[in-house]
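Scroll down for the structure; my scribbles are underneath it.
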Amino acid sequence: MHIRNFSIIAHIDHGKSTLADRLLQITHAVSDREARAQLLDSMDLERERGITIKASAVTVYHEYKGERYELNFIDTPGHVDFHYEVSRALTACDGAILVVDSTQGVQAQTVANAYLAVDNSLELLPVLNKTDLPGSMPDDVAMEIEQVLGLPAEDCMRCSAKTGEGILELLDALCVRFPPPRDSVINETRCLIFDAIYDDYRGIIVFIRVFDGTLRVGDRMRMMSSGRTWNVTELGRYTPKATKVGELNTGEVGYLIASIKTLDDVRIGDTVTLDAHPAAEALPGYQEPLRMVFCEFYPSSSGEKGAEFETLREAIHKLHLNDASFTFEPHHSEALGFGFRCGFLGMLHMQIVQERLEREGGVDVVQTPPTVPYEILLRDDKVLLINNPADLPDMSHVAEIREPIVRIEIICPNESIGDVMKLCDSRRGMYKSQKFLSDTRQILDYEVPLAEIIYDFYDKLKSITRGYGTMDWELIGYRSDRLVKLQILVNGQTVEALSVICHRDTAEQRGRRLLIKLRRQIERHQFEIPLQAAIGGKVIARETIKAVRKNVTAKCYGGDVTRKRKLLEKQKEGKKRMKMVGNVQISQEAFMTVLESGEE
Amino acid sequence: MSSGAGRIRLIFGQPSSLASDPRTSGLSVRPGQPTMMPMDHKLPIQQAKSDGTIASVLLKVEPAPSVSSLYLHIPFCFHKCHYCDFYSLANTNHEDFVGFVARMGQELEAAGRYLSRPLDTLYIGGGTPTLLGPDLWRSLIRHIHSHVHLAPDTEWTVEANPETVTPDLMAVLAAGGVNRVSIGCQTFSPTHLKTLERWHEPSSVVAAVESARDAGIENISLDLIYAIPGQTLGQWEDDLSQALALHPQHLSCYALTFEPGTPLAVKLSRGLIDTADADLEADMFTLTRRLLIDSGFCAYEVSNFARAGRESRHNLAYWLNMDWMACGPSASGHVAGIRWKNRASLSEYLHTSTPWPTITDLEMPQPARALAERLMMGLRLARGLPYESLLADAEAIGARVSFVAALGPLIDAEHVIVDQHKHLCLTEQGLLLADSVFRQLMSAVFDPNC
């Protein structure tokens, strides 16, 4: 039987999941009824956001010119934060369908994903989707693809995943155009782990592609990065229902179950070999996932103390079973009490985790403003990596502060170029290049400190470009700059969660602006609350929140008793998403004000 | 009258802690009268449906309550003022008035069985009670005398809107036994009256006061409102001076409240008007107290000021959490620990088959709630509440420890004190932050473990 291993890659919302469903349906892997829901995305949250967070692999069969083909398709995460996961999934493939929405054209992640595929020597098959829509411009989009990616416009296929038009032709084409998997290059068994999920009933399910040799049920397997071993208890394929097999051979894709307890034991990109006959060298490309955005989660003050922290702890542990790509460690802050400091692949990843904690874990969470990691060069030439401004050593020991720099690629309409460049400049961006994508759109390259784009940059970009701008980012390294720690004191107490590391030239201005915003966000208390911004112990700005002077119901007579009593009771319940800092109540919104850089 | 201080309802029965307090001497206290309902009273919890009448609930209370305060609600106005959230109808006619007065006669007859003889206080509020002309008032007064026993020292208040006050009407009221009028003055500034959508001329207040005095009603209260959008401290001081020039025995001065659903609240939410600056409002509050105390008034409640001995005895019954009966649509009553509100529907009131109106918001006795309400109402009074008796009430519901614990920081912050009469009182500073004080004390009572 012929085997084709491929992925579908696309910019978010360009129809990747719909196309996947349609492929399953046309190959009769699922019934029409089942196809109504997008099968590959299982979490509510994914469906709501229209993105795929976790990859899965599905095997279907297709007949072409009388020959039977086993098609293994590997779904990839669709968002910029999951670069590494996408790249591992692509390593398991030999070809990739590049889906482009024919009404939207090439977008930032189209380009980024296409480059990833090319880097992995994948055969690319561009497909123009949504040709049933009135706004479809397949010819123009095909030209964009040729222009930007160098794929001949006439090679683009056209389909509508929604109506099913062109899908059979696509299946035929991928049998022809994608290469078969390579043969074994060594005698020992090597399988690439490209995904793993936690299943409540079955434990950890690991998705693998066999590159060399064979893996059989009963084998003692070994993870090459950790050296740990397990017995393979089950092998199989998702068709999309789990179908057990006795062995997986070279070139095949499937899942393995080996009573692995936690996702921490499984590293995406790692190589599985046999304990008895281990390979000398792992498959290339394994990396530790990079956590680039950090924040703290605290239970909000509304609940009972202690109990809320326990609930949060349980929720985080449970979530981590499903998503090992975020890190967490217990953290205690003078101002905010007990919570967790967590690391994420990116901003979206952070938001998803926070939402899932609240939705699935039932905890009310206060999130501190996200920060990025910094490399600190000490005077004794040691280098320290910190992910929390609070950990910055005394400046007398610090020779340099280096911050992460990312290359961002923005695709936007011509008319927004000026504003987008202004936005990038205001975020300390360094202009790299500008290319035409088509008559109407351009690609901008900038190098920007990650810290400048983690909060509202993307939203601003969207609003400047009226929704048409898209962006991708990639870490290129750490760079030293004149950075200082701006500390915020509320009622005389330093609130580390409000401290930011920022550029010296803008620190004072930023401090002043921040205090003004904070003053508006913190409600009046019964006492006056001084707010101060300080750099290196020197106060550079000050604001005051005046005390509440009067809070008394004017009229209260016989007919008012019940209603006024209920009003008072309601107020005493306390507000959600509030945190006490000393005796000052600070809302989630107030914490986030530190991040809104720039304009009023 | 929409603004009115005393609106609603009637009184009877007193908390035991008051009985021996000489400062409550204005209130008649009968020996052996039930105080706050003991919890072992058999009460008809099952019958406590909100679509019933209060009669079916009170029937089951043993012994039958005897209440010494009564509130009557007259739900008519010539025009609805924009800040007012009381139940009152503006598009009514004389026929409605006639039907209403007759209907209230029936309700008074039925309520009479729970009223003690004689009544201590009677308060007729609205709406605009004085919108009923002299003839209808004669008829209402006849009903009252037929079913309610009054004594010469019964405090009988009628709320009056200045534009409806005539010498004839005042004469009818005085002859009937009314001895106190509460006039809705609000402000003397035509601009601010316009903001409030009050349709009277400032001069009509002067005339109304004269009419009442000429008729022999000496005990006059004026209602004023401050912190009106656009009002300055000086303008408010001027309002106070003009009010003082009329030599009232009593003044109620309220910071303007934007009650949900009123036209004024809607304007606020649409940004058409703005609330007064918080600091200005606090300044006005402080100025009011200073100026009226300097003028010989006693600041006996958060918003109420009286010449010696002229405190509103009826409203004291509310603040002291005593009992009162309530008649008329939307009126609220409190008897034997039971609270209820008559349905706010004139048409339903006019057409019920029983003399009792249907009720809503029925609350059966509950000791923790009773203590919370006692605190929330009683601490509004300058005299405060007897500390030992509060402790005893807290003890009875197992909340003594938490109550005392909640008091600690409030005493430290000088928001409350226990004075030389062993009364727990708000301090001048605590008074300004009363709601927050109440909240803390109430949560200690409701949730002793917090």
Determine whether residue B:296 is farther than 27 Å from residue B:207 by Cβ and of a type in the set (Gly, Ala, Ser).
-> no
Every residue from segment B:104-130 that is surrounded by fewer than 22 Cβ atoms within 10 Å (Cβ to Cβ) and part of a helix (DSSP H, G or I) = B:105, B:106, B:109, B:110, B:112, B:113
Qualifying positions in segment A:328-347 - touching a Pro at 6+ places or on another chain (Cβ under 9 Å), at pLDDT 85 or above and in a strand (DSSP E or B) | A:338, A:339, A:340, A:341, A:343, A:344
Filter pass, residue A:544 being over 38 Å from the mean Cα position of the chain (by Cα), polar (S, T, N, Q) and crowded, with 16+ Cβ neighbours inside 10 Å = no
Restricting attention to segment B:69-121, report how many residues are touching a Pro at 6+ places or on another chain (Cβ under 9 Å) and among the aliphatic types (A, V, I, L, M).
-> 6
Near pairs, Cβ below 7 angstrom, 6+ apart or cross-chain, from segment B:73-90 (farther than 25 Å from residue B:268 by Cβ and modelled with pLDDT of 90 or more) to any residue that is of a type in the set (A, V, I, L, M) and not in a loop (DSSP other than H, G, I, E, B) | B:74/B:124; B:75/B:89; B:75/B:346; B:76/B:89; B:76/B:131
The residue from A:436, A:457 that alone is closer than 22 Å to residue A:113 by Cα, more than 25 Å from the chain's Cα centre (by Cα) and of a type in the set (Phe, Trp, Tyr) is A:436
Scanning segment A:223-238 for residues that are under 26 Å from the mean Cα position of the chain (by Cα) and in a strand (DSSP E or B), which turns out farthest from residue A:90 (Cα to Cα)?
-> A:223
When you scan segment B:337-351, how many residues do you find that are free of Cβ contacts under 8 Å to residues at least 40 places away in the same chain and either in the same structural domain as residue B:393 (by TED's automatic domain parsing) or over 18 Å from residue B:59 (Cα atoms) (or both)?
-> 5
Check off (1) of a type in the set (D, E, K, R); (2) within 14 Å of another protein chain (Cβ to nearest Cβ); (3) part of a loop (DSSP other than H, G, I, E, B) for residue B:374 and give me the number that stays unchecked.
-> (3)
Taking segment B:399-450 and the residues there that are in a helix (DSSP H, G or I), among the charged types (D, E, K, R) and more than 10 Å from chain A (Cβ to nearest Cβ), the one that is nearest to residue B:383 (Cα to Cα) would be B:428
Strands (runs of 3 or more DSSP E) contained entirely in segment A:389-477, each with at least 2 residues that are more than 22 Å from residue A:146 (Cβ to Cβ) and either touching a Ser or Thr at 6+ places or on another chain (Cβ under 9 Å) or of a type in the set (Gly, Ala, Ser) (or both) | A:398-413
Filter result (touching a Gly at 6+ places or on another chain (Cβ under 9 Å) and closer than 30 Å to residue B:148 by Cβ) within segment B:177-204 = B:179, B:182, B:184
Limited to segment A:548-600, what total is found for residues that are surrounded by 20 or more Cβ atoms within 10 Å (Cβ to Cβ), more than 10 Å from every other protein chain (Cβ to nearest Cβ) and either at pLDDT 70 or above or closer than 22 Å to residue A:526 by Cα (or both)?
-> 7
Tabulated pairs, segment A:233-247, first farther than 23 Å from residue A:220 by Cβ, second at pLDDT below 85 and of a type in the set (D, E, K, R), C-beta under 9 angstrom, 6+ apart or interchain | A:240/A:34
Just one listed residue, out of B:148, B:165, is assigned by TED's automatic domain parsing to the domain that holds residue B:63 and within 21 Å of the chain's Cα centre (by Cα), and it is B:148
Scanning segment B:258-285 for residues that are within 24 Å of residue A:526 (Cβ to Cβ) and without any contact (Cβ under 8 Å) to a residue 12 or more places away in the chain, which turns out farthest from the other protein chains (Cβ to nearest Cβ)?
-> B:277
Among strands (runs of 3 or more DSSP E) lying entirely in segment A:112-222, which contain 3 or more residues that are closer than 30 Å to residue A:261 by Cα?
-> A:190-199, A:203-212
What number of residues within segment A:362-397 are free of Cβ contacts under 8 Å to residues at least 60 places away in the same chain and under 24 Å from residue A:314 (Cα atoms)?
-> 1
Please work out if residue B:436 is small (Gly, Ala, Ser) and either in contact with a Ser or Thr (Cβ under 6 Å, 6 or more places away or on another chain) or farther than 25 Å from residue B:279 by Cβ (or both).
-> no
Does residue B:344 qualify as being within 11 Å of another protein chain (Cβ to nearest Cβ), surrounded by fewer than 24 Cβ atoms within 10 Å (Cβ to Cβ) and under 29 Å from residue B:143 (Cβ atoms)?
-> yes
Flagged in segment A:102-123 as closer than 24 Å to residue A:4 by Cα and in contact with a Lys or Arg (Cβ under 9 Å, 6 or more places away or on another chain), in numbering order, are A:123
Just give me the residues in segment A:512-522 being assigned to a helix (DSSP H, G or I), farther than 17 Å from residue A:428 by Cβ and not polar (S, T, N, Q), in sequence order.
-> A:512, A:514, A:515, A:516, A:517, A:518, A:519, A:520
Would you confirm whether any residue within segment B:222-244 is assigned by TED's automatic domain parsing to the domain that holds residue B:174, in contact with a Pro (Cβ under 6 Å, 6 or more places away or on another chain), buried (at least 21 other Cβ atoms within 10 Å of the Cβ) and part of a strand (DSSP E or B)?
-> yes
Output the residues belonging to segment B:282-307 that are surrounded by fewer than 17 Cβ atoms within 10 Å (Cβ to Cβ) and among the acidic types (Asp, Glu).
-> B:294
Of residues in segment B:53-75 being hydroxyl-bearing (Ser, Thr, Tyr) and surrounded by fewer than 23 Cβ atoms within 10 Å (Cβ to Cβ), the one nearest to residue B:178 (Cα to Cα) | B:66
Before we move on, is residue A:532 over 22 Å from residue B:253 (Cα atoms), surrounded by fewer than 18 Cβ atoms within 10 Å (Cβ to Cβ) and polar (S, T, N, Q)?
-> no
Limited to segment A:180-202, what total is found for residues that are closer than 23 Å to residue A:85 by Cβ, surrounded by fewer than 16 Cβ atoms within 10 Å (Cβ to Cβ) and not basic (Lys, Arg)?
-> 2
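The values are calculated or read from the model by the stated rules, or taken from the named source; none is laboratory data. Note that the coordinates shown come from a computational prediction; the quantities given were computed from them, not determined experimentally. Don't worry about glycine lacking a Cβ; one is built from the backbone with ideal geometry, like all the others, and counts go over all protein chains shown.
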